[in-house]
Amino acid sequence: DLATALNDRGHIKYLRVEFAAAMEDYTAAIECQPGFEVPYYNRGLVLYRLGCFDEAMKDFRKVLELNPQFEDAALSLKQAILDKEAKQKRGY
């Protein structure tokens, strides 16, 4: 389906380190199928890598709302929280 195709295309762009383009595809996949948790997770990973911890945590929480058994999202959320706290302690 279209949402899966957009997510997959976004993943290819992610692997090419084309983060802005990947996020566009992940967001389009979400708009196409809001209950599909994978593009939320993938977009969260991009946001995390960009240091946008609050936005990443929002996406990881949405994944867990849609699928509480998504273990990678739970681990990523915990890591984003820890990294945000560490960043705040460093003062930036």
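The values are calculated or read from the model by the stated rules, or taken from the named source; none is laboratory data. None of these values were measured; they are calculated from a predicted model. What goes into the accessible areas is simple: the full protein's heavy atoms, side chains included, and nothing from ligands, DNA or RNA. Shrake-Rupley method; radii C 1.70, N 1.55, O 1.52, S 1.80 Å.
I'd like the carbon and sulfur percentage of the solvent accessible area for the chain, probe radius 1.4 Å, heavy atoms only, ligands and nucleic acids excluded.
Accessible surface attributable to carbon and sulfur in the chain totals 54 percent.
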Out of [x] 61, 27, 19; [y] 49, 30, 23; [z] 44, 29, 17, which label holds the value of Cα extents along the principal axes in Å that was computed here? [z]
Helix-derived mean residue ellipticity, 222 nm - over the chain, DSSP H n ≥ 4, -39500 (n - 2.57), to 500: -26500 deg cm²/dmol
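Give the relative contact order (percent, whole number) for the chain; include only Cα pairs under 8 Å separated by 6+ residues. It would help to have the intermediate numbers written out before the result.
Details: 103 pairs, mean separation 18.5, N = 92.
20 percent.
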